[in-house]
Amino acid sequence: MKTSRWMEVVNLCLLFCFLGGGLAYGAEMLLRGFGAISTVQAFKEFGVVVSPHWQAYAEDFISFVNGVGRLYLPVIVGVPLVFLIHFVAVGPKGFEHKGRRISFYGLFTRFLHWMCAIFFSLVVVSGIMVLFAKALGGGSLVLSARGVHLFCAYGFMVFAAPLFLIWLKDMFPAPYDIKWLLCGGGYLSKKKVEVPAGKFNLGQKMWFWLAFVGGAVMFYTGYVVSGLSLPQAQIAGYIKIHLILGLFLVALFITHLYMSLFAVKGSLKSMISGYKWEEEVRVLHSRMLK
Ligand code: HEM
């Protein structure tokens, strides 16, 4: 493996360590500042903010959350690990950044995308913090995370709705998507062989549907759960949908980050400038030029 690739692997590991370390350090500082209380106590405090019924649900909620929480850990650790292996074994795809530039994302689309990215990232991080409330010591930190989770869920929906409509027409399945799937999207080798895809490939389409429709379901179920105005059995059902769908969303969100930040060089630039270079479009979005 070339030295430069090793450097990129080291950078990737450093990034993960930096983010993880920063989160742990910030959490500890906050806890020291405000003092830690037990998880049960922390969730019971939600009742004061949201609804007095919450106190009755606290124990049930925590036992379910702890159960599903165990499933999140393999996803949060396992999915990046799989991509780290891909990065070392196959490596990123690079394309020539010269020749014709093709317009891909308009200014408004890019603005909406980055707003969704900010709110969604905060929703994911704060959601995971609530899920691991016990490990974080509960208390103000978890209560604040819950506040961020609720606020950012609304923020995400505001920007996601117009972005959904802008992208919708390009996101319906096409017959050649099956061929894309059969060749692993061209990501299993570094060869620049044209893969059958239009403006968006099947992987991108799947992320689109899960992020937007799944995101809306997450918003609705989260809204119902936070209100606690239904009978306990129904609330339990909504919590289950919220946490299990969330598991798939987190897995695909990590996938989206890897694909757009590491797997295809220059991908990030295209979401900043709005343009892609011809060679990348010819290889990864061959049907678009045809
Ligand atoms: C920090 C978080 C995020 C980053 C760094 C990021 C980055 C990117 C980049 C670089 C692209 C361009 C990919 C290309 O065409 O080569 C992209 C596209 C896209 N993003 Fe994001 N994104 C983030 C969050 C999100 C969120 C939260 C959503 C869901 C609402 C989303 C939905 C999409 C979709 C549907 C596309 C077009 C299809 C695709 O490339 O997957 N992104 N993103």
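Here are the numbers:
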read-out	value
Residues of segment 98-132 satisfying the condition of being more than 20 Å from the chain's Cα centre (by Cα), surrounded by 14 or more Cβ atoms within 10 Å (Cβ to Cβ) and more than 20 Å from Pro162 (Cα to Cα)	Arg101, Ile102
Filtered residue count, segment 82-94, keeping only those that are part of a helix (DSSP H, G or I) and surrounded by 12 or more Cβ atoms within 10 Å (Cβ to Cβ)	6
Which listed residue, of Val250, Val225, Val217, is assigned to a helix (DSSP H, G or I) and crowded, with 20+ Cβ neighbours inside 10 Å	Val225
Subset of segment 256-271 (residues that are more than 9 Å from the ligand (Cβ to nearest atom) and either crowded, with 18+ Cβ neighbours inside 10 Å or within 21 Å of Leu73 (Cα to Cα) (or both))	Tyr258, Phe262, Ala263
Leading residue by the ranking (nearest to the ligand (Cβ to nearest atom)) among those in segment 94-125 that are over 21 Å from Phe208 (Cβ atoms) and in contact with a Phe, Trp or Tyr (Cβ under 9 Å, 6 or more places away or on another chain)	Phe95
Tally, over segment 165-199, of residues that are within 13 Å of the ligand (Cβ to nearest atom), among the aromatic types (Phe, Trp, Tyr) and surrounded by fewer than 19 Cβ atoms within 10 Å (Cβ to Cβ)	1
Some residue of segment 202-210 being among the aliphatic types (A, V, I, L, M), surrounded by 12 or more Cβ atoms within 10 Å (Cβ to Cβ) and over 19 Å from His86 (Cβ atoms)	yes
Segment 193-214 residues that are closer than 19 Å to Phe156 by Cα, paired with ones that are hydroxyl-bearing (Ser, Thr, Tyr) (beta carbon under 9 Å, 6 or more apart)	Trp207/Thr255
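A quick yes/no check of all residues on (1) within 16 Å of the chain's Cα centre (by Cα); (2) at pLDDT below 85:
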{"site": "Leu228", "(1), (2)": "no, yes"}
{"site": "Ile235", "(1), (2)": "no, yes"}
{"site": "Leu245", "(1), (2)": "yes, no"}
{"site": "Leu261", "(1), (2)": "yes, no"}
{"site": "Gly266", "(1), (2)": "no, no"}
{"site": "Ser270", "(1), (2)": "no, no"}
{"site": "Glu278", "(1), (2)": "no, no"}
{"site": "Arg287", "(1), (2)": "no, no"}
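The values are calculated or read from the model by the stated rules, or taken from the named source; none is laboratory data. If you're wondering where the values come from, they're calculated on a predicted model, not measured in any experiment. Cβ coordinates were reconstructed from backbone atoms using ideal geometry, including for glycine residues, and neighbour counts include every protein chain displayed.
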